Amino acid sequence: MLFSTGATAGVRFQRRGLMLVLSSPSGAGKTTISRRLLELEPELVMSVSVTTRPPRPGEVDGVDYFFVDGATFDRMVEQREFLEHAVVYGHRYGTPRKAVEQALAAGRDVLFDIDWQGAQQLREAAADDVVTVFILAPSLAVLEERLRRRAQDSEDVVRYRLAQVAADVTHWAEYEYVIVNAELEASVAAVRAILAAERLKRRRQPYLSEFVQQFRVPLAEPPRSEAG
Ligand code: 5GP
């Protein structure tokens, strides 16, 4: 049998890509999960955001973020170059529109590491294409430890971000999926399961109405032996 586990299992069609939004308060492990997903999912590309935040040591312009000044960010807002933008932890962040639209049209899925404000805006702009996942740390103690271990931010920043966590967590119920990130590989597997199921949603397989035409064979009388 050609199709054993689903209409499209093992058969490649051009489909419309989806927008996978991962949000979480700092320190829940979202960045590590994103990196691992990108290694494992060849059809998934990362949306690289624009920010006015200064680069941290080791961050590369054009890879981690596009680092810009406030005037450049303003100009990009005016010229409607962002799909969404927001102020997060005192800095401005935005998702460039063009790269996302090109990836989706090519049937790629796009991964977004953006906050709840960005998730809300994307949902409003493209509800059918957006899949939202909220990542929680397993406990406040673990969260705090992760933030400190990161050590790239000053103690003031760590304390400020911890204070933001309580506010950020209140947005968990706005998301379709919620993962408590106790163990990296289990969380990655959970996101991949979400991705696999969402890719098979009927509306994401627009070619199906044409595809099923081949099964429309004319009605026939049952053979004598089966007719009883
Ligand atoms: P960080 O400065 O630690 O890289 O990111 C801080 C926060 O900003 C994270 O919660 C991250 O998800 C969020 N963020 C990063 N890029 C964007 C973006 O383009 N739009 C929005 N709304 N949030 C973003």
Checklist entry - Can you find even one residue in the stretch 29-44 that is modelled with pLDDT under 95, in a loop (DSSP other than H, G, I, E, B), under 23 Å from residue 157 (Cα atoms) and under 13 Å from the mean Cα position of the chain (by Cα)? => result no
Checklist entry - Can you tell me which residues in the stretch 79-95 are under 19 Å from residue 162 (Cβ atoms), modelled with pLDDT of 95 or more and near the ligand (Cβ under 8 Å from one of its atoms)? => result 91
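Give me a count of the residues in the stretch 96-108 that are aliphatic (A, V, I, L, M), within 11 Å of the ligand (Cβ to nearest atom) and touching an Asp or Glu at 6+ places or on another chain (Cβ under 8 Å).
Step one: filter the stretch 96-108 for residues aliphatic (A, V, I, L, M), giving 99-100, 103-106.
When the remaining residues are screened for being within 11 Å of the ligand (Cβ to nearest atom), the result is 100.
If we keep only those that are touching an Asp or Glu at 6+ places or on another chain (Cβ under 8 Å) too, we end up with none.
Number of matching residues: 0.
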Checklist entry - So which helices (runs of 4 or more DSSP H) are wholly in the stretch 76-174 and hold at least 3 residues that are small (Gly, Ala, Ser) and more than 15 Å from the chain's Cα centre (by Cα)? => result 155-169
Next on the checklist: Suppose we keep only residues that are buried (at least 18 other Cβ atoms within 10 Å of the Cβ) and away from the ligand (no atom under 14 Å from the Cβ) within the stretch 109-136. Which one would you say is modelled with the lowest pLDDT?
Outcome noted: 129
Checklist entry - Any idea which of (1) at pLDDT 95 or above; (2) in contact with a Leu (Cβ under 6 Å, 6 or more places away or on another chain) is the one residue 47 doesn't satisfy? => result (2)
Next on the checklist: Yes or no: the stretch 137-150 includes at least one residue that is modelled with pLDDT of 95 or more, within 26 Å of residue 192 (Cβ to Cβ), surrounded by 13 or more Cβ atoms within 10 Å (Cβ to Cβ) and in contact with a Gly (Cβ under 9 Å, 6 or more places away or on another chain).
Outcome noted: no
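Of the residues that sit in the stretch 186-207 and are loosely packed, with under 15 Cβ neighbours inside 10 Å and touching a helix residue (DSSP H, G or I) at 6+ places or on another chain (Cβ under 8 Å), which one is farthest from residue 123 (Cα to Cα)? It would help to see each step written out before you state the result.
Within the stretch 186-207, the first condition is being loosely packed, with under 15 Cβ neighbours inside 10 Å, and the residues that meet it are 186, 189, 193, 196-197, 200-203, 206-207.
Then drop every residue that is not touching a helix residue (DSSP H, G or I) at 6+ places or on another chain (Cβ under 8 Å), which leaves 202-203.
Details: 202: 19, 203: 16 Å.
Restricting to residues being loosely packed, with under 15 Cβ neighbours inside 10 Å and touching a helix residue (DSSP H, G or I) at 6+ places or on another chain (Cβ under 8 Å), the top hit is 202.
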Item to check | Tally, over the stretch 35-47, of residues that are more than 9 Å from the ligand (Cβ to nearest atom), surrounded by 16 or more Cβ atoms within 10 Å (Cβ to Cβ) and under 20 Å from residue 97 (Cα atoms) | outcome: 3
Next on the checklist: Among the residues that make up the stretch 50-72, is at least one of them modelled with pLDDT of 95 or more, within 14 Å of the ligand (Cβ to nearest atom) and in contact with a helix residue (DSSP H, G or I) (Cβ under 6 Å, 6 or more places away or on another chain)?
Outcome noted: yes
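The values are calculated or read from the model by the stated rules, or taken from the named source; none is laboratory data. The shown structure was predicted, so the numbers you read here are calculated from the model rather than taken from an experiment. Glycine also receives a Cβ, built like all others from the backbone with ideal geometry; neighbour counts cover every protein chain displayed.
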